[in-house]
1. Could you pull out every one of the strands (runs of 3 or more DSSP E) wholly within region 157-271 that has 2 or more residues that are within 23 Å of Ala71 (Cα to Cα) and in contact (Cβ under 8 Å) with a residue 60 or more places away in the chain?
2. Filter region 65-80 down to residues that are more than 24 Å from Val142 (Cα to Cα) and either open to solvent by 40 Å² or more (accessible area, probe 1.4 Å) or aromatic (Phe, Trp, Tyr) (or both), then give me how many there are.
3. Within the bounds of region 83-103, is there any residue that is crowded, with 19+ Cβ neighbours inside 10 Å and more than 20 Å from the chain's Cα centre (by Cα)?
4. Within the group Glu232, Glu255, which residue is open to solvent by 70 Å² or more (accessible area, probe 1.4 Å), among the charged types (D, E, K, R) and on the phi < 0 side of the Ramachandran plot?
5. Tell me yes or no: at least one residue of region 113-120 is closer than 30 Å to Leu53 by Cβ, open to solvent by less than 40 Å² (accessible area, probe 1.4 Å) and in contact with a Gly (Cβ under 9 Å, 6 or more places away or on another chain).
6. How many residues are surrounded by fewer than 22 Cβ atoms within 10 Å (Cβ to Cβ) and part of a strand (DSSP E or B) when one looks only at region 5-16?
7. In the set Ile153, Ile195, which member is in contact with a Pro (Cβ under 6 Å, 6 or more places away or on another chain) and at pLDDT 95 or above?
Amino acid sequence: MTVFKIQKGNSPVILAFPHTGTDLPAEVWDRLNDNGRLLADTDWHIHDLYAGLLQDATTVRATFHRYVIDANRDPDGNSLYPGQNTTGLIPKTDFDGKSIWKEGAEPTHTDIAARLDAFHSRYHTALSAEIERVKAIHGLAVLYDCHSIRSHIPFLFEGTLPDFNIGSNSGASCALEFERVTAEVAGYAAGYTSIVNGRFTGGWTTRHYGKPAEGIHAIQMELAQSTHLAAEAVPFAYDPEKAEKLRPHLKAILERLETVAYELKAMGNER
C-alpha cells in the first residue's frame, strides 16, 4: 500500500498531514474491534480543507491510519504529555479511552518494530527530504503541521476545546514571528476562539523538526472539528458551508507565515 503522498512546491511553507489517512493493511483491519473500525480518531477531511490555500506549497500526507502506527508520536514510545491521558505510538484505545482491538489481538512489540520500519520511518524520511529541499532553496523552511480533533473529549481534556489550537512547543519550535502572526490571524477571526500552547503544544513532528537556530521552524495547528464537520460523530461528514467560512482564515495564516519566511530570508535568516 502507498504510505504517503507528496505534492512538491517551492514555497518556504510545507504542510504536513500525519493523521488524515484511512488506509489499513488487512491484517490490521482484521484485528480491530467494531469500535476501532469506526476510525473515529481520524483528522477528518483536513487535507481537503487546506487544499489550494497556499499556491506552490509542498504537502506531505500520510495515507495510513494512526491505528496502524501514529506518525505524530515519538518512535521511542515516549509520551507527549507525561501525566495526562493520551494515545501512544500504536494506540491501545481511542480518544475516549475505549478499546479498539479485539481481545487477544492487541499490537505486540514485534508489530511496533515492523510498522515503525514500514510506515512511520518512511513517512518521516519523505518529510525530512522535503524540508531539506525547501531549506536548500530558501535557507529556511516552515513546517505547518495540520491536525483536527473533536471539541469535546473528556478523556483527554475538560470542557470545550478552542477552535484554533496553536502549538509551538511553548515557543521552542519556531521563531517568535511565526507564532505571533498565526495567533494574530486566529485571534481576529470573528466567531472563532483560539489559544496558543494550551492543551496541545505540538506533537512529535513539531518538537522533532522545529529547530529555529538551524533555519527549520515548525508550528502545529489543531482545529476543533466543529469548525468544518457537520457533526463530530459518524459519519464525520464534511460541511462545505462551515469549511468555506473557515478557509479564508487558514489561507491568511499560511500567507502570513510565508511572508514572514521571505522577510527572514531577506534578512539572512538571522534568528
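1. 216-224
2. Residues in region 65-80 being more than 24 Å from Val142 (Cα to Cα) and either open to solvent by 40 Å² or more (accessible area, probe 1.4 Å) or aromatic (Phe, Trp, Tyr) (or both): 5 in total.
3. Yes, region 83-103 contains a residue that is crowded, with 19+ Cβ neighbours inside 10 Å and more than 20 Å from the chain's Cα centre (by Cα).
4. Matching residue, one of Glu232, Glu255: Glu255.
5. No, region 113-120 contains no residue that is closer than 30 Å to Leu53 by Cβ, open to solvent by less than 40 Å² (accessible area, probe 1.4 Å) and in contact with a Gly (Cβ under 9 Å, 6 or more places away or on another chain).
6. So the count comes out to 3.
7. Ile195
So that you can scan it fast, the table gives a plain yes or no per residue for (1) modelled with pLDDT under 95; (2) among the basic types (Lys, Arg); (3) surrounded by 18 or more Cβ atoms within 10 Å (Cβ to Cβ):
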| residue | (1), (2), (3) |
| --- | --- |
| Ile216 | no, no, yes |
| Met221 | no, no, yes |
| Leu250 | no, no, yes |
| Thr259 | no, no, no |
| Tyr262 | no, no, no |
| Ala266 | yes, no, no |
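The values are calculated or read from the model by the stated rules, or taken from the named source; none is laboratory data. These numbers come from a predicted model, not from an experiment. No Cβ is skipped: glycine too gets one built from the backbone with ideal geometry, and neighbour counts run over all protein chains shown. Ligands, DNA and RNA are excluded from the accessible area calculation, which covers all protein heavy atoms including side chains. Shrake-Rupley method; radii C 1.70, N 1.55, O 1.52, S 1.80 Å.
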